[in-house]
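For reference, the structure discussed in these notes is given below.
Quick note: the coordinates plus some simple rules give every number you see, no bench work behind them. Keep in mind that what you see is a predicted model, and the values were worked out from it rather than measured. Positions of Cβ are generated from backbone atoms using ideal geometry, with glycine treated the same way; all protein chains shown enter the neighbour counts.
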Amino acid sequence: MIVIDREKLASLPLLALAAPAIRDAYIAVTDGRANLPPVGYLPLAGRNADCHIKYGYIDGDQIFVVKIASGFYDNPAKGLPSSNGMMVAVSAETGDVVAVLDDKGSLTDLRTGIGGAVATMALWRSDARRVGIVGSGTQARMQVRALATLSDRVLHFAVWGRSPEKTAAVLADLADFDLSIEATTDLEMLCRQSDAIVTTTPSKEALIRSDWIAPGTHITAMGADAPGKQELDVALVGRADRLVVDHPEQCLDHGEFSAAARADLIDEGRCIALGAVLSGGAMGRRSDRDITIADLTGIATQDIAIARTALEALDLL
């Protein structure tokens with residue numbers, strides 16, 4: 001059994017290499033190739049922390065993957081990263097463990113960043129240039145890096161966070177990229193001025209109001225990946241023209257769309273699978289005035305895709 005550490009994985013150019021595989025990971029859910037059991041979710045009461053266990057298989061792959069990912073959201077105040085975890089790649093032919101990817105959560109962060117960029121680019125307007133990033137954590141940084149790397153256009157980013165100091169740190173950490181980027185303390189103005197918005201917080205109450213969002217805006221909601229989390233006003237979800245999901249059962253159970261579903265503002269019939277949009281089986285944005293929202297809760301096929309890409313890059317598959 002091979003153990004691959006975080007440093008070795010960080011040396012691989014996975015952001016660019018894994019993008020096609022992550023795109024296909026969404027399509028696999030809709031074309032029948034994916035086997036995705038229910039997600040395991042463990043909240044740690046009183047610790048502002050949780051753990052997700054995701055596992056699955058894509059038909060035809062050499063491996064299947066089991067992933068443990070934890071989020072300890074008070075860790076940044078202690079000088080520690082909020083994400084941790086590992087992925088175990090197992091042979092689909094023999095059941096032997098091929099490798100343990102001891103990534104400390106970095107592969108989850110990366111595949112989430114790529115997935116958000118894939119969804120945003122599939123649903124934003126053709127003339128979208130101004131991107132608002134809501135949040136100041138790891139995923140805020142990842143979304144900027146992924147969009148800047150994968151997009152076919154020059155973008156301007158505005159970043160908002162509750163703490164001006166943490167928001168400034170995001171810009172400092174992205175200084176190695178040649179970016180047009182600014183920090184803002186005005187969330188409403190960010191929303192009103194952005195063509196696309198990506199939300200990345202662990203908020204448990206709506207941050208973005210419906211009346212801040214103009215026709216034509218796209219939103220990729222990343223933060224609500226567990227029960228009780230919410231970043232968007234339910235009225236905004238209810239009035240959106242197109243609602244896109246990575247996995248309908250997950251999104252309506254504990255994703256961003258779950259609060260609107262509980263309020264009887266939407267149902268599963270309103271939801272379009274991202275994989276179907278990417279494959280051309282369903283239409284995403286229909287006009288430049290559509291408000292589109294993608295609710296991404298994270299699916300195991302993304303973990304399979306990023307693990308497979310890393311093992312291939314290391315000549316282990």
Inset, instruction - Multiply the residue separation of residue 235 and residue 80 by 0.36 nm, subtract the distance between their alpha-carbon atoms, and state the gained length in nm to one decimal. - result: 52.2 nm
Inset, instruction - Grab the DSSP H runs of the chain that are 4 residues or longer, score each as -39,500 (n - 2.57), total them, divide by all residues and round the 222 nm result to the nearest 500 deg cm²/dmol. - result: -10000 deg cm²/dmol
Legend entry - Computed lengthening from residue 3 to residue 185, 0.36 nm per intervening residue step minus Cα-Cα distance: 61.2 nm
Legend entry - Check: the range 123-295 dipole with +1 on Lys, Arg Cβ and -1 on Asp, Glu Cβ, in debye: 260
Inset, instruction - Could you work out how far helix 300-313 tilts from the main Cα principal axis of the chain, as a 0 to 90 degree angle to the nearest 10? - result: 60
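How would 26, 57, 73 line up from fewest to most surrounding beta-carbon atoms within 10 angstrom? The partial results should precede the final answer.
On the way: 26 27, 57 20, 73 15.
Starting with the residue having the fewest Cβ neighbours, the order is 73, 57, 26.
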Legend entry - Within straight-line cross-link reach of residue 166, lysines at Cα separation under 19 Å, skipping those fewer than 8 residues along the same chain: 78
Inset, instruction - Using the charge dipole of the range 73-212 (Lys, Arg: +1 at Cβ; Asp, Glu: -1 at Cβ; taken about the Cα centre), state which of 87, 121, 100 has its Cα farthest towards the positive end. - result: 121
Inset, instruction - Taking a cut-off of 17 Å between Cα atoms, list the lysines near residue 204, but don't count ones fewer than 8 places away on the same chain. - result: 229
Inset, instruction - Find the centroid of the Cα atoms in the range 236-294 and in the range 93-132, then give the distance between the two in whole Å. - result: 19
Legend entry - Top positive-direction residue, dipole computed over the chain with Cβ charges, set 36, 316, 179: 179
Legend entry - Residue order, fewest to most beta carbons within 10 Å, for 51, 271: 51, 271
Legend entry - Selection from 215, 265, 294, by position along the positive dipole direction of the range 123-295 (Cβ): 215
Inset, instruction - Using the number of other C-beta atoms within 10 angstrom as an exposure proxy, rank 189, 87 with the fewest first. - result: 189, 87
Inset, instruction - Report the label-to-label distance for residue 35 and residue 177 in nanometres (one decimal), using points 7 Å from each Cα along the Cα→Cβ vector. - result: 3.7
Inset, instruction - Could you compute the FRET efficiency for residue 129 and residue 204, with r as their C-beta to C-beta distance and R0 at 30 Å, rounded to 0.05? - result: 0.40
Inset, instruction - Enumerate the aspartates and glutamates that residue 67 could reach by cross-link, defined here as Cα to Cα under 17 Å, with residues fewer than 8 away along the same chain left out. - result: 5, 50, 96, 102, 103, 109, 225, 303
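Given R₀ = 35 Å, FRET efficiency for residue 288-residue 264 by Cβ-Cβ distance, to 0.05? All intermediate terms of the calculation are to be shown ahead of the outcome.
Values: r = 30 Å, r/R0 = 0.85.
The formula returns an efficiency of 0.75 here.
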Inset, instruction - First measure r as the distance between the Cβ atoms of residue 166 and residue 279, then evaluate 1/(1 + (r/R0)^6) with R0 = 25 Å and state the FRET efficiency to the nearest 0.05. - result: 0.05
Inset, instruction - Take the Cα radius of gyration of the range 29-121 and divide it by 2.2 N^0.38 Å, with N its residue count; two decimals is plenty. - result: 1.22
